[in-house]
Ligand code: NAD
């Protein structure tokens, strides 16, 4: 099928590439000429495991093209995806300006019937706004072409996006007609062979499904962080508690890891947007507010532990802190809303310097923080601890999981490790002569 995708970010690029990989003819359109030029020359704008070779192969095969030319993009697709960003507005609701700009672009260039697919995460009622924007633009041109807008929210995880896209748990399609569902079924048939993964529903339910999924996951994280904070107060180890509750199949093992707070481009903005949507409909989403509030506090947890260890934030002045991990989670270079950003800001405000290492997010960190005297980007985890007083682990990259604690004890002047993801066994760290602080580990009282 001929497919056009507006937005070549994490979602648009991965979706376009996977659709091309199964044989569809895909054109990706982006307003960022640098990104498009780079992609045409084989330069990836993001790090995503397994993505680069797929882009290269499908681009070479002519099934995947990149352009800034919106007219060409709209003319190409019988199915046209909207996969642009929906960041938070000033009041926390989703900013639809990019989505609606694409809708107008589609209306401006449409000459024959298309199926418009909303893949961006958008509040309930957005498909109707997209439909209205397209209809208005068509009417202004005096053109009458049939089209339908469906909702097809994306559930991929950064860091495993290609795998998630090729083998989705479910494909949610919110549509107002059987024909639209049928077209989407044909499009996704190659991903739907093993068993039927398509969950067809009405448009509004599909739009809400995406927010419900992210809000549920964020709730699990904040719940566990709440338990961790209680565990710390009462002298219990949340890691034991985690093992104790995860064994209950009604609770399960997934997403019950305490840590330094959730970040990324989705959970923070989507939880916020959902509670704003609820508010606009005169419903006070108390649970969602609590999820946000716990996370806000948790993002300062590492700095709080450090201040406690040093006997006050002011004692961090002049310290050099090694930071392992800057991305909001492993296997991505994405630092949007990452906990590391809060921590680095707090350390700098306190007068400390940072020696940071992240396997993939270095360039992004440089883009965000620029050059500064109190920030050294290192090229290895070993280099980051050279000459440092303390070590803080912020992102649980696999390569940070079993360091040589004796070497760390020899290198870190203040002999202390702050483990923001509970990667280590506290007694193993302490046996090497280091002080250990984790999240919710009552021993660190
Ligand atoms: P992103 O910021 O990585 O990419 C968005 C892209 O859209 C950018 O390249 C930007 O230049 C482009 N763009 C903006 N306006 C445009 C226009 N008018 N025409 C063409 N291109 C335009 O965003 P993302 O992370 O891919 O997220 C896209 C949407 O998918 C968001 O709504 C997000 O909430 C949702 N989502 C994201 C993830 C994720 O893990 N990143 C997962 C599921 C859903």
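Using just the C-alpha positions of region 347-445 as equal point scatterers, what log10 of I(q)/I(0) does the Debye formula give at each q in 0.11 1/Å?
-0.33
So what is the diffusion coefficient of region 203-445 in µm² per second by Stokes-Einstein at 4 °C and 1.567 mPa s, using a Kirkwood Rh over Cα pairs? Before the final figure, lay out each step's value.
On the way: Rh = 18.6 Å.
Rounded to a whole number, D works out at 70 µm²/s.
DSSP beta bridges in the chain, what fraction antiparallel, as a percent rounded to 5?
Values: 4 of 49 bridges.
Just about 10 percent of them are antiparallel.
Once you've got the GNM for the chain with C-alpha springs shorter than 10 Å, pick whichever of 334, 419, 32 has the biggest mean-square fluctuation.
32
What relative contact order, as a whole-number percentage, does the chain give when Cα pairs under 8 Å and 6 or more residues apart are counted?
Details: 877 pairs, mean separation 54.7, N = 445.
Across the chain, relative contact order equals 12 percent.
Per the helix-only calculation at 222 nm, which mean residue ellipticity applies to the chain, given -39500 (n - 2.57) for every DSSP H run of n ≥ 4 and division by its residues, nearest 500 deg cm²/dmol?
It comes out at -13500 deg cm²/dmol, rounded to the nearest 500.
Which whole-number percent gives the relative contact order of region 203-445, counting Cα pairs below 8 Å spaced six or more residues apart? Kindly include the intermediate steps, with their values, before the conclusion.
On the way: 442 pairs, mean separation 55.3, N = 243.
Answer for region 203-445 is 23 percent.
If you wrap region 58-129's Cα atoms in a convex hull and average its projection over all directions, what's the area in nm²? Numbers along the way, then the final one.
Working: hull surface 22.9 nm².
Mean orientational projected area (region 58-129, Cα hull): 5.7 nm².
Can you compute the radius of gyration and Dmax for region 1-65, using only the Cα atoms, both in Å?
According to the Cα coordinates of region 1-65, Rg and Dmax are 10.3, 28 Å.
In whole Å, what are the extents of the chain along the principal axes defined by its C-alpha atoms, from largest to smallest?
Per principal axis, max minus min of the Cα coordinates gives 74, 47, 42 Å.
Pick out which of 100, 376, 13 has the largest mean-square fluctuation in a Gaussian network model of the chain, springs linking Cα atoms closer than 10 Å.
Of 100, 376, 13, the most mobile in the Gaussian network model is 376.
Dimensions of region 303-346 along principal axes (Cα, Å, largest first)?
34, 16, 14
When 112, 276, 185 are ordered from fewest to most other Cβ atoms inside 10 Å of their Cβ, what list results?
Numbers: 112 10, 276 18, 185 15.
Ranked by crowding around the Cβ, least crowded first: 112, 185, 276.
I want to verify a result. In a Gaussian network model of the chain, Cα cutoff 10 Å, which of these has the top mean-square fluctuation: 129, 398, 299?
Maximum fluctuation in the GNM of the chain, among the listed residues, is at 398.
Given the C-alpha centroids of region 126-199 and region 387-423, what is the distance between them in whole angstrom?
Result: 45 Å between the Cα centres.
Expected output is a single nm value to one decimal: the length gained when fully extending between residue 281 and residue 132, i.e. 0.36 nm times separation in residues minus the C-alpha distance. What is it? Could the numbers behind the result be given before it?
On the way: separation 149, 0.36 × 149 = 53.64 nm, distance 2.12 nm.
Here the segment from residue 281 to residue 132 would lengthen by 51.5 nm.
What is the antiparallel percent of DSSP beta bridges lying wholly in region 8-164, to the nearest 5? Walk me through the numbers before you get to the answer.
Working: 1 of 14 bridges.
Roughly 5 percent of the DSSP beta bridges within region 8-164 come out antiparallel.
Grab every C-alpha pair in region 146-189, bin the distances at 5 angstrom width from 0 up to the longest one, and report whole percents.
5, 21, 27, 21, 13, 9, 3, 0
Among 66, 369, rank each residue by its count of other Cβ atoms within 10 Å, from fewest to most, as a rough exposure measure.
Details: 66 23, 369 19.
Fewest-to-most ranking of 66, 369: 369, 66.
If each residue's Cβ is checked for other Cβ atoms within 10 Å, how do 266, 378 rank with the fewest at the top? Please report the intermediate quantities before stating the final value.
Working: 266 25, 378 20.
Fewest-to-most Cβ neighbours within 10 Å comes out as 378, 266.
Ratio of alpha-carbon Rg to the 2.2 N^0.38 Å globular estimate for region 2-201, to two decimals, please.
Values: Rg = 15.9 Å, N = 200, 2.2 N^0.38 = 16.5 Å.
Expressed relative to 2.2 N^0.38 Å, the Cα Rg reads 0.97.
Sort all Cα-Cα distances of region 122-200 into consecutive 5 angstrom bins from zero, then give the percent of pairs in each bin up to the one containing the longest distance.
3, 13, 20, 19, 17, 13, 8, 5, 2, 0
Here, each number is a calculation from the coordinates, and none is a lab measurement. Computed from a prediction, not measured in an experiment: that's the story for all the values here. Here Cβ is always computed from backbone atoms with ideal geometry, including for glycine, and neighbour counts include all displayed protein chains.
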